[in-house]
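Each remark here refers to the structure printed beneath this line.
The values are calculated or read from the model by the stated rules, or taken from the named source; none is laboratory data. Worth saying up front: this structure is predicted, and the values here are computed from it rather than measured. No Cβ is skipped: glycine too gets one built from the backbone with ideal geometry, and neighbour counts run over all protein chains shown.
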Amino acid sequence: MTQVFAPGGMVRPVTLVESGPMTVTQVKTTEKDGYNAVQVAFGSKNPKRISKPVRGTWKAIPNASFRWVREFRVSDPSIYKVGDVITASEFKEGDKVRVSAISKGKGFQGVVKRHGFHGGSRTHGQKHSEREAGSIGGGGRAGGRVAKGMRMAGRMGGERVTVRNLEIVAADPEHNMLAVLGAVPGRRDTLVEIRSLN
């Protein structure tokens, strides 16, 4: 993350995201595949680490050795051809976007951090219950058992998170960089999906 200054002098926090170039590796149509979609690939990888069947699907693209492959549903696949390159020029300043990624893994956490519980009272005879969950059942609440979906301590993070209504503050197609207003899910080098809402 970094910050940029708006014309009025206001500081705006932004996340810099490398966006492309992505190569179209496959175009799927309703007639042939049962649905309309476009498959794109991004990044580079050692060609020795790519299996022959996967390399066979990229035979129409010279020197293809991609790290990530993702598929997106589209309404009109005819506007794409195998080998087309998609860059950051698809976005412009002011576009509203939806960003999805795998969030940072935080390991095993208690209920206060994981679910925002307040913990127990620090007085009135309490000793060690400041960050405890409290009662989880009882005879009257759920028939003497623990109800399904009870919020407890456990693994936190490492899940797919989508943040909506973020704004593109700047787009630099020359360097394939986007400046997205605010924070996006994930750590550095996380693969993120950016979809336009316009």
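Miscellaneous remarks
- Matching residues in the range 74-103 - criterion: being surrounded by 14 or more Cβ atoms within 10 Å (Cβ to Cβ), assigned to a loop (DSSP other than H, G, I, E, B) and either charged (D, E, K, R) or free of Cβ contacts under 8 Å to residues at least 40 places away in the same chain (or both): Val74, Asp84, Asp95
- Annotation: of all residues in the range 1-28 being surrounded by 14 or more Cβ atoms within 10 Å (Cβ to Cβ) and free of Cβ contacts under 8 Å to residues at least 60 places away in the same chain, the one that is farthest from Thr87 (Cα to Cα) is Lys28.
- Residue selected from the range 170-180 under the condition touching a helix residue (DSSP H, G or I) at 6+ places or on another chain (Cβ under 9 Å) and buried (at least 16 other Cβ atoms within 10 Å of the Cβ), by the criterion nearest to Phe117 (Cα to Cα): Leu178
- Lone qualifier among Ser121, Ser135, Ser78 - being under 30 Å from Lys28 (Cβ atoms) and not hydrophobic (A, V, I, L, M, F, W, C): Ser78
- Cβ pairs under 6 Å, 6+ apart, first in the range 30-57 and among the basic types (Lys, Arg), second at pLDDT 90 or above and surrounded by 12 or more Cβ atoms within 10 Å (Cβ to Cβ): Lys45/Arg67
Yes/no matrix, rows are residues, columns are (1) among the aliphatic types (A, V, I, L, M); (2) over 19 Å from the mean Cα position of the chain (by Cα); (3) closer than 19 Å to Arg188 by Cα:
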| position | (1), (2), (3) |
| --- | --- |
| Pro13 | no, no, yes |
| Leu16 | yes, no, yes |
| Glu31 | no, yes, no |
| Arg49 | no, yes, no |
| Trp58 | no, yes, no |
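- Check on Gly119, more than 19 Å from the chain's Cα centre (by Cα) and not assigned by TED's automatic domain parsing to the domain that holds Val69: yes
- Qualifying residue in the range 61-68 (condition: out of contact with any helix residue (DSSP H, G or I) (no Cβ under 9 Å at 6 or more places or on another chain), more than 30 Å from Val169 (Cβ to Cβ), at pLDDT below 90 and not assigned by TED's automatic domain parsing to the domain that holds Ile168): yes
Each row is one residue, and each column tells you yes or no for (1) in a strand (DSSP E or B); (2) closer than 21 Å to Met22 by Cα; (3) hydroxyl-bearing (Ser, Thr, Tyr).
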| position | (1), (2), (3) |
| --- | --- |
| Arg114 | no, no, no |
| Ser121 | no, no, yes |
| Lys148 | no, no, no |
| Val161 | yes, no, no |
| Thr190 | no, yes, yes |
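- Every residue from the range 1-46 that is more than 17 Å from Glu71 (Cβ to Cβ) and in contact with a Gly (Cβ under 8 Å, 6 or more places away or on another chain): Pro13, Val14, Thr15
- Any chance Glu167 is touching a residue at least 60 places away in the same chain (Cβ under 8 Å), acidic (Asp, Glu) and surrounded by 14 or more Cβ atoms within 10 Å (Cβ to Cβ): yes
- Positions within the range 105-116 being surrounded by 14 or more Cβ atoms within 10 Å (Cβ to Cβ) and either under 24 Å from Asp189 (Cα atoms) or under 23 Å from the mean Cα position of the chain (by Cα) (or both), in sequence order: Gln109, Arg114, His115
- Set side by side, the residues Ala153, Ala147, Ala142 differ, and just one is closer than 25 Å to Gly119 by Cβ, exposed (fewer than 12 other Cβ atoms within 10 Å of the Cβ) and not acidic (Asp, Glu), which is Ala147.
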